[in-house]
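Enquirer: Dropping a structure here in structure tokens format, bear with me for questions.
The values are calculated or read from the model by the stated rules, or taken from the named source; none is laboratory data. None of these values were measured; they are calculated from a predicted model. We place every Cβ from the backbone using ideal geometry, glycine too, and count neighbours over all the protein chains shown.
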Amino acid sequence: MRLIASLVIAFSTYSRIPMPRVQWTDANRKYALCWFPLIGAVAGALLWLWVKLSGLINAGAFLKGAVGALIPLIITGGIHIDGFMDTSDAMASWQPPERRLEILKDSHIGAFAAMKCAAYLLIEAALIGELNERLALMAGAAFVLSRALSAVLSITLKQARPGGMLDGFASSAAGKAVYASSAIYAALALGLMVFINPIGAGLTALACALVILYYRHMALKYFGGVTGDLAGWFLCVCELSAFLAIYTGGVIA
């Protein structure tokens, strides 16, 4: 029952998929991060289905990309893009870490957040609009891969805000289970990518590794650690970088 409770908490927190109510305790959250990549699997499956459908109805690249970019927003409720926007504002402030953490908590958005969100969605839509069914399957796998990496980083890197939501998940997480499950998810996602397009898979792995290195540097230097908003920033940037790598791999192949 604890595994099921953790699954429900993961989907209730990181998606808008209806879930039954469970008691929010450390014990029930213990395996929540282990289930986190499954939300990516749902978003990825829906993206692939849309790309397939768009081919059947002869939808143009613009429509295919626009709807495709909306799918993860609808599934997640925008929780990760919200973190991306908050982090963009905080980074643009050039303030000390303490002030940057305060900006992350501010419910208002600034000009930099709005501009970067618009640019992000435009680039994401443009890339999705260029994907065929096989590459869309790789993009779906990227949703799983990014969340597996995010789960590992959330329990590995220093927490900047003790008592925050991410710290609550990280501190109550079963570390060994998160590492093991994330490794399985990542291996399956990359394995599928290699089967479809080895060049794209290699470029995706390289892109994700570079994002991880920058994320660790940015989080520790400018914020003193990771937060839920920074984790959202990582997820968005990791996915967009993966999409670019997948598209590039498709062009090369």
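Enquirer: Leu135 versus (1) crowded, with 21+ Cβ neighbours inside 10 Å; (2) under 22 Å from Ser12 (Cα atoms); (3) not acidic (Asp, Glu): which is the lone unmet condition?
Expert: Unmet condition: (2).
Enquirer: Tell me, which residue of the range 190-241 that is in contact (Cβ under 8 Å) with a residue 60 or more places away in the chain, small (Gly, Ala, Ser) and in a helix (DSSP H, G or I) is nearest to Ala253 (Cα to Cα)?
Expert: Gly200
Enquirer: Hey, another quick one. For Asn58, only one of the following conditions fails: (1) of a type in the set (S, T, N, Q); (2) at pLDDT below 90; (3) at positive phi. What is its number?
Expert: Just one mismatch for Asn58, condition (2).
Enquirer: Could you say which residue among Ala32, Ala45, Ala5, Ala27 is over 21 Å from Gly168 (Cα atoms) and either among the hydroxyl-bearing types (Ser, Thr, Tyr) or in contact with a helix residue (DSSP H, G or I) (Cβ under 9 Å, 6 or more places away or on another chain) (or both)? Break it down into steps so the answer makes sense when it comes.
Expert: On the way: Ala32 fails: over 21 Å from Gly168 (Cα atoms); Ala5 fails: over 21 Å from Gly168 (Cα atoms); Ala27 fails: over 21 Å from Gly168 (Cα atoms).
Exactly one residue qualifies, and that residue is Ala45.
Enquirer: When the range 142-170 is examined, which residues are found to be among the acidic types (Asp, Glu) and at pLDDT 75 or above? Give the steps one after another, and end with the answer.
Expert: In the first step, residues of the range 142-170 are kept if they are among the acidic types (Asp, Glu); the result is 167.
Passing the criteria: none in range.
Enquirer: Kindly list the number of the only condition in (1) outside any loop (DSSP other than H, G, I, E, B); (2) free of Cβ contacts under 8 Å to residues at least 60 places away in the same chain; (3) closer than 19 Å to Leu235 by Cβ; (4) not charged (D, E, K, R) that fails for Ala114.
Expert: Failing condition for Ala114: (3).
Enquirer: Based on what the data block shows, is Val67 among the β-branched types (Val, Ile, Thr) and crowded, with 19+ Cβ neighbours inside 10 Å?
Expert: Details: among the β-branched types (Val, Ile, Thr): yes; crowded, with 19+ Cβ neighbours inside 10 Å: yes.
Criteria met by Val67.
Enquirer: Let me ask something else about it. Only one of these conditions is not met by Ala43: (1) modelled with pLDDT under 95; (2) over 23 Å from Ala114 (Cα atoms). Which number is it?
Expert: Unmet condition: (1).
Enquirer: Testing Ile71 on (1) touching a residue at least 40 places away in the same chain (Cβ under 8 Å); (2) closer than 22 Å to Cys117 by Cβ, one condition comes back false. Which one is that?
Expert: (1)
Enquirer: Confirm whether Ser12 is without any contact (Cβ under 8 Å) to a residue 24 or more places away in the chain, of a type in the set (Gly, Ala, Ser), crowded, with 17+ Cβ neighbours inside 10 Å and over 23 Å from Ile128 (Cβ atoms). So that I can check it myself, show each step before the final result.
Expert: Working: without any contact (Cβ under 8 Å) to a residue 24 or more places away in the chain: yes; of a type in the set (Gly, Ala, Ser): yes; crowded, with 17+ Cβ neighbours inside 10 Å: yes; over 23 Å from Ile128 (Cβ atoms): yes.
Criteria met by Ser12.
Per-residue answers, yes or no, for (1) more than 27 Å from Leu137 (Cβ to Cβ); (2) hydrophobic (A, V, I, L, M, F, W, C); (3) surrounded by 14 or more Cβ atoms within 10 Å (Cβ to Cβ):
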| position | (1), (2), (3) |
| --- | --- |
| Asp26 | yes, no, no |
| Leu33 | no, yes, yes |
| Ile39 | no, yes, yes |
| Leu46 | no, yes, yes |
| Ile57 | no, yes, no |
| Pro72 | no, no, yes |
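Enquirer: Condition first: surrounded by fewer than 22 Cβ atoms within 10 Å (Cβ to Cβ), assigned to a helix (DSSP H, G or I) and either out of contact with any strand residue (DSSP E or B) (no Cβ under 9 Å at 6 or more places or on another chain) or modelled with pLDDT of 95 or more (or both). Now tell me which residues in the range 171-185 satisfy that. Don't jump to the end; show me each part of the working.
Expert: Pass one, the range 171-185, residues surrounded by fewer than 22 Cβ atoms within 10 Å (Cβ to Cβ): 171-172, 174-177, 179-181, 183-184.
From what's left, assigned to a helix (DSSP H, G or I): 171-172, 175-177, 179-181, 183-184.
Result: Ser172, Gly175, Lys176, Ala177, Tyr179, Ala180, Ser181, Ala183, Ile184.
Enquirer: Ok, one more. Here are Arg147, Arg134: which of them is part of a helix (DSSP H, G or I) and in contact with a Gly (Cβ under 7 Å, 6 or more places away or on another chain)? First the steps, then the outcome.
Expert: Working: Arg134 fails: in contact with a Gly (Cβ under 7 Å, 6 or more places away or on another chain).
When all the criteria are applied, what remains is Arg147.
Enquirer: For the range 58-106, name all the residues that are in contact with a helix residue (DSSP H, G or I) (Cβ under 6 Å, 6 or more places away or on another chain) and among the small types (Gly, Ala, Ser).
Expert: Those that are in contact with a helix residue (DSSP H, G or I) (Cβ under 6 Å, 6 or more places away or on another chain) and among the small types (Gly, Ala, Ser): Ala61, Gly65, Ala66, Gly68, Ala69, Gly83, Ser88, Ala90, Ala92, Ser93.
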